[in-house]
Structure formats: C-alpha cells, structure tokens
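> Structure incoming, see below.
The values are calculated or read from the model by the stated rules, or taken from the named source; none is laboratory data. Because the structure is predicted, anything quoted here is derived from the model rather than measured. Because the Cβ atoms are built from the backbone with ideal geometry, glycine has one as well, and the counts that use them run over all protein chains shown. To get the accessible areas, we keep the full protein, side chains included, count just its heavy atoms, and leave off ligands, DNA and RNA. Shrake-Rupley method; radii C 1.70, N 1.55, O 1.52, S 1.80 Å.
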Amino acid sequence: MVDYDVVVIGAGLGGVTSGAILAKNGFKTLILEQAEVVGGCCSTFDYQGYKFDTGASIVMITQPLEEAFRRMGKEVRDYVELVPCEPIYSVHAYDGTKFTIPTDIDDATEVISRIAPEDVEGWKRYTRIGLDMVGQLEQMMTTPMNTLSETARLELSHPGMMKYFPYFLRSHQGVTVQFLKNPVIQSTVAFQSYYAGAPPELGLGTLGFIALCEHLGIYYPRGGMIAIPEGLRRAGEEFGLEVRFNQKVEKILLEGNMARGVLLEDGTEILSRIVVANVNAKVTYLKMIGPDNLPRWAVKAIDSYEVAMPCPMIYLGLDTSPPLDAHHTIKTGDLEQSNRVWNDYYKKGIRPPMGGWLISWPTESDPSLAPEGHHVVNFVWGGPAPYGLLGDNWDRLKPAFTEEALKVFESEVMPDLHDHLKVVEVSTPLDFERRLLTPQGAIYGLFLDFFSSAMFRPHPRSRVVKNLYLAGASVGLGGGVPTTIASGVITSDYVLKDLG
Amino acid sequence: MKKSRKLMALAALAGSVALWFSLSESTRRYIVHLGKQVPYLPYRYFI
Ligand SMILES: Cc1cc2nc3c(=O)[nH]c(=O)nc-3n(C[C@H](O)[C@H](O)[C@H](O)COP(=O)(O)OP(=O)(O)OC[C@H]3O[C@@H](n4cnc5c(N)ncnc54)[C@H](O)[C@@H]3O)c2cc1C
C-alpha cells in the first residue's frame, strides 16, 4: 500500500512543474517543501514591508513555461502576468562607458555602432547565427537529450542544429572573441557566462549566445518571481496536487535499489510509487540515498561534479526611486578580469573585491512590491564568491561585507543612499545553504560545461535507483528559470512514459 | 625504417608542444579543464 503515487522533494521550479503536470495526469501527487513558500531560488520573501526576490530576478525564454501550462491544458496568462522589461540592461562598463541595451536588435546594433563601430559587422554575424540557433534551441528545450539515442533523435528532427555543433565544443569566451573585438562590447556578452555559473574561459560555448536570448524579451512576473512557481502550484492544485510546507525530507526510502517513499526529519514515513527529487543531485545521491546504497562507480560519478557557484546577494529597501534606468544594471569587467575572479580568487578561497555587479530593480516593473513611493533593489555580487573562505567564514565576514557592498552602491550608483536606506538584508553563501539547503549555497546546481550538461549530467530518470527521478538545476541544461521548468516538463514525461 | 619512425614521432611531439604553447592561456586552461573530466564521462553517462 502506498500513500501517494508521486512524492516530490522540494517545491523549486523543477518540482512544482513536474508535480503539477503529474497531478493533471491523474497521479496522486504530494510535494514536500522544507521552506514556508514555493520557488526555492525563484521565490520572493517579505521583510519589513518590502518584498524581495530570493535569487532569480527575471525570466527570459518563456517557451518552457508556456509548454508547462499547455501540458495542463492551461494558459500562462491566466496564472502569471509577465511584464516586459525594456531596455534589457543599463551597462556601466569597467572603463566608465555607460549605455543601455534595447531589446530590438536593430536598435541594439545602433548602440553598438556608436560605441564600437569596428564591431558592427561582427555583431551582425553574431546575431544572425545566434538568433537562428537560439530559436531552434528554444523549441528543443522541453525535449530530452539525456542519452546518445535521445540526442541523435533530436539532431535528426532538427537537422539545422548540426552546423552549430562546433560551438558546443568551444568556450563562452571563444565564441565571444570570434565575433566581437571591442573589449567593452565583449564584456557585455561575456559576463553572462556567470549566469550559468562558469567564467567566460570555461563556460559552455553555446551559452556565448545567451545574450541574444534576452533580445527575444526579458520579463518580470507581477507579484515578484514567486508568481511563477505560485502560478504553477495553483494550476496543479486544481488537479488535486498537494503541497506541504515546513516538511524536510531526510532520506529516500529504499527497497533493494528501488525508491519506495521518503523519511521526514520528524520520523514520518510517506510511501509512494515513485520519488521525484528537486534538490541538488549531490544531496539526492550522497545524503538522501547514501554512498553505501550506491555502486562505487555511481559515487565516483556524482562526486566528480562541482557545484555551481555560491554568490552573495544584498537586498535593499529604499524610500525613494533609485537613480537607475533599467530593471537590470550591470557593471562589467573585461574578459581578463572576469576570468581572474575565478582563477585568482574563487578557486583559491579568497573573497574577490567587489568589482563587477548586477543590480535588479523589481519595483520598476511592479511598484506593489514596496510601500507607496518606496523601492526594492537587489544587489548581486558580480560573480562567484567562495563558500569556504581561507581563514575566515561568511558569518564572521557578513557585517564587513555588507558595509563594503553598501559603500560600493553609494559611490557607484546612489550617492545619497544612506539618506534613503530603510532596510538591508544579506544572503551570504552560508545563508543560501541554510535557507534553501543547497550545498555550499550553490545558486545553479552543478557546474555546467560540455562534459557536465545534457547526457553527461545526472539523468532525470535515475539509472541507479529505480523509481527515482530528478528535476531542477542538477539535470538537463542546468540552472535558470526556463531550463529548470523545462526539466520539470521532461521529468514528468519520463514518469508518464514509465507509469502510463 | 625504425629511425624514420622515431624521427616522425619526435616531430609529432615537438609539433604538439609548439601547438600547445601557441595557444592562449585561457584556451589551455579550457582544454585542461575539459581533459580532467574525461575519465569520469563513462560514469557520468550512466548516473
Ligand atoms: C542569486 C540567484 C540569482 C539567480 N538569477 C536568475 C535569473 O535572473 N534568471 C534565471 O533564469 N535564473 C536565475 N537563477 C537560477 C534559478 O533561480 C534556479 O536555477 C532555479 O530557480 C532552480 O530551480 P530548481 O528546480 O533547481 O529548484 P531550487 O530552486 O533549487 O529549489 C529546491 C527546493 O527544494 C527545497 N528543499 C531542499 N532540500 C529539501 C529537503 N531536504 N526537503 C524538502 N525540501 C527541500 C528547497 O527549499 C527549495 O525550495 C538565480 C539563482 C540565484 C540563487
């Protein structure tokens, strides 16, 4: 006798997407979430009257979200209102140049022709190739490519993708410098490798075109980023999906090498036909299942992945409008600086100085997130910061780090910050780890490059533990709002195929 | 015959070393980074 057909561990995007779709297909589905709200990294919390986004600050590539709702016979717009953000970025380049990047490609080309006329031809080639590739990838995102045969099938159904294969083998930086020569323009394309948790010189080459995804439109959900997982949850609940909060799963229960339910922290056992884990794959395999229950080669495999990057976040509540001109403002470093942050600081356990940064300004798109006339701003460390600090730890460092971040914000963005600052909250890698139970506070699951994506990433239908499925940033195409929603769709497809 | 094979092997080795040092440091780090993962690929494929 089982209590549920499906138990999902975690109500992150991968978890709510797969849970909602499975509920729609008639499976008695329960999601267990250790926090008080849905969304994990894509969530929103209240702090002294201000609503702050925990992590993710925009969504680009909405196709997987549309597909997830379509699988439930529903429309996104009935559950989530997506507000377009224009321009995409306001850029503060490392050399002092400031400009904004509009969504429209022709308008963006105009901006580039003013700053770097020598790069216009390269930019045009980059957009011609990139937009075609991104357009095809968008259609493929909810199709599995987790085995050789799945990948071959996908290639055959999209023969136009074959010619782009060499870009998969190159680095993000390799792709960037192939098309763009001006260091400032390069920096606006290269910093986004950190969106996938890797420095430009190590990031996946195809992600060198990630900047172009944003030219298809970036959106902010009204009500905060939590509106996306909330919308999915509401749709699922209409089909009987059950979500329980403050329920921490300790272990996945096994019978031989078959998952048969979960054990909660309070000792409760919940039995199910299958288990979907929406937590980091290292946690799923090494903690919830345990190395003793796995073949040695499987432990070796899972041990071989690096987590994808801790990064602190500063949340500010202001009683006035900040002097910003876009939902996102970035300060970029040149390619060498971006790589140095990784090689000379992150890998050595040294906290890098606050060089580049990313500011998101949610109240520009949705003023209801703060009291009238007030604003919220998220200030993101512009790259990775080591979890394990050489000779220090984040709890001890937090006050000094906060002070330093505020000083940078004051000197580089808002000189009268202290007159208007009402609320400050900070999430260090240690806080992210405690809040989301993500190992080392990693914000994108596992590191993503050619050898740790798609068929070389943990399989959504576990190949070592029967009846165990994985969804979220640790599988498929890695971290990100669209990719984790896509992973939820794919995982539900595997379950439907197996349990019919 | 044996000598010419040895010479060819030496030339190939010297060519590879020259090619390696003609690459940028970033490219070399990229290759090393990928190379380090190669032994794990068969395990990763099956997990
Ligand atoms: C700072 C930051 C900025 C980001 N910016 C962007 C962005 O702008 N755009 C974008 O596309 N992506 C962004 N991302 C990435 C994106 O938010 C994530 O990749 C995505 O939301 C992860 O979804 P997931 O399905 O892997 O689940 P997660 O978000 O990892 O959620 C897992 C859930 O499982 C729960 N859980 C963990 N352990 C247990 C347990 N033992 N028992 C029960 N529940 C458990 C957690 O509480 C959590 O709710 C950002 C992430 C962060 C952190």
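> Consider A:Pro200 against the criteria (1) of a type outside the set (Ser, Thr, Tyr); (2) open to solvent by 50 Å² or more (accessible area, probe 1.4 Å); (3) in contact with a helix residue (DSSP H, G or I) (Cβ under 9 Å, 6 or more places away or on another chain): it satisfies all of them except one. Which criterion is unmet?
The one condition A:Pro200 does not meet is (2).
> From the list A:Arg233, A:Arg244, A:Arg222, pick out the single residue that is open to solvent by 20 Å² or more (accessible area, probe 1.4 Å), within 13 Å of the ligand (Cβ to nearest atom), closer than 30 Å to A:Ser368 by Cβ and under 21 Å from the mean Cα position of the chain (by Cα).
From the options A:Arg233, A:Arg244, A:Arg222, the qualifying one is A:Arg233.
> Which one of these is more than 13 Å from the ligand (Cβ to nearest atom), more than 14 Å from every other protein chain (Cβ to nearest Cβ) and either modelled with pLDDT of 95 or more or surrounded by fewer than 19 Cβ atoms within 10 Å (Cβ to Cβ) (or both): A:Val465, A:Val423?
Going through A:Val465, A:Val423 in turn, the sole match is A:Val423.
> May I ask you to say which residue of A:Asp3, A:Asp107 is out of contact with any Pro (no Cβ under 9 Å at 6 or more places or on another chain) and open to solvent by 20 Å² or more (accessible area, probe 1.4 Å)? Spell out how you get there, then give the answer.
On the way: A:Asp107 fails: out of contact with any Pro (no Cβ under 9 Å at 6 or more places or on another chain).
Only one candidate passes the filter, namely A:Asp3.
> For segment B:2-47, which fully contained helices (runs of 4 or more DSSP H) count at least 1 residues that are aliphatic (A, V, I, L, M) and more than 9 Å from chain A (Cβ to nearest Cβ)?
Of the helices (runs of 4 or more DSSP H) lying wholly inside segment B:2-47, those with at least 1 residues that are aliphatic (A, V, I, L, M) and more than 9 Å from chain A (Cβ to nearest Cβ) span B:2-22, B:25-37.
> From the list A:Asp395, A:Asp344, A:Asp366, A:Asp334, which one is open to solvent by 20 Å² or more (accessible area, probe 1.4 Å), of a type in the set (Asp, Glu) and modelled with pLDDT of 95 or more?
Of A:Asp395, A:Asp344, A:Asp366, A:Asp334, the one residue that is open to solvent by 20 Å² or more (accessible area, probe 1.4 Å), of a type in the set (Asp, Glu) and modelled with pLDDT of 95 or more is A:Asp395.
> In addition: For B:Lys2, state whether it is surrounded by 10 or more Cβ atoms within 10 Å (Cβ to Cβ), out of contact with any Gly (no Cβ under 6 Å at 6 or more places or on another chain), free of Cβ contacts under 8 Å to residues at least 24 places away in the same chain and of a type in the set (Lys, Arg).
No: the conditions fail for B:Lys2.
> Suppose we keep only residues that are more than 7 Å from the ligand (Cβ to nearest atom), open to solvent by 20 Å² or more (accessible area, probe 1.4 Å) and among the hydrophobic types (A, V, I, L, M, F, W, C) within segment A:28-45. Which one would you say is farthest from A:Tyr4 (Cα to Cα)?
So the residue we want is A:Phe45.
> Taking segment A:434-451 as the region of interest, how many residues are within 15 Å of the ligand (Cβ to nearest atom) and either hydroxyl-bearing (Ser, Thr, Tyr) or open to solvent by less than 20 Å² (accessible area, probe 1.4 Å) (or both)?
Counting residues in segment A:434-451 that are within 15 Å of the ligand (Cβ to nearest atom) and either hydroxyl-bearing (Ser, Thr, Tyr) or open to solvent by less than 20 Å² (accessible area, probe 1.4 Å) (or both) gives 8.
> What are the pairs with Cβ atoms under 8 angstrom where one residue, in segment A:312-336, is within 14 Å of another protein chain (Cβ to nearest Cβ) and the other, located anywhere, is in a loop (DSSP other than H, G, I, E, B) and open to solvent by 10 Å² or more (accessible area, probe 1.4 Å)? Sequence gap at least six, or different chains.
Short answer, once both residue conditions are applied: A:Asp334/A:Tyr94.
> Additional query: Kindly indicate the residue of segment A:344-386 that is hydroxyl-bearing (Ser, Thr, Tyr) and farther than 28 Å from A:Asp319 by Cα and also farthest from the ligand (Cβ to nearest atom) among those meeting that condition.
That would be A:Tyr345.
> Please list, ordered by residue number, the strands (runs of 3 or more DSSP E) wholly in segment A:198-315 having 2 or more residues that are among the aliphatic types (A, V, I, L, M) and under 30 Å from A:Asn378 (Cβ atoms).
Answer list for segment A:198-315: A:269-277.
> Given the condition more than 24 Å from the chain's Cα centre (by Cα) and away from every other protein chain (no Cβ under 14 Å), answer yes or no: does some residue in segment A:379-391 qualify?
Yes, because at least one residue in segment A:379-391 is more than 24 Å from the chain's Cα centre (by Cα) and away from every other protein chain (no Cβ under 14 Å).
> Free of Cβ contacts under 8 Å to residues at least 60 places away in the same chain and small (Gly, Ala, Ser), is that true of A:Gly130?
When the stated conditions are applied, A:Gly130 does not pass them.
> So if I check each of A:Asp119, A:Asp106, which one is modelled with pLDDT of 95 or more, out of contact with any Asp or Glu (no Cβ under 9 Å at 6 or more places or on another chain) and within 30 Å of A:Ser365 (Cα to Cα)?
The match here is A:Asp106.
> Between A:Gly373, A:Gly383, which is open to solvent by less than 10 Å² (accessible area, probe 1.4 Å) and in contact (Cβ under 8 Å) with a residue 24 or more places away in the chain?
Working: A:Gly373 fails: open to solvent by less than 10 Å² (accessible area, probe 1.4 Å).
Answer to the check: A:Gly383.
> Sort out which residues of segment A:47-86 are small (Gly, Ala, Ser), out of contact with any Lys or Arg (no Cβ under 8 Å at 6 or more places or on another chain) and more than 16 Å from the ligand (Cβ to nearest atom), and write them in order of number.
Within segment A:47-86, A:Gly49 is the sole residue that qualifies.
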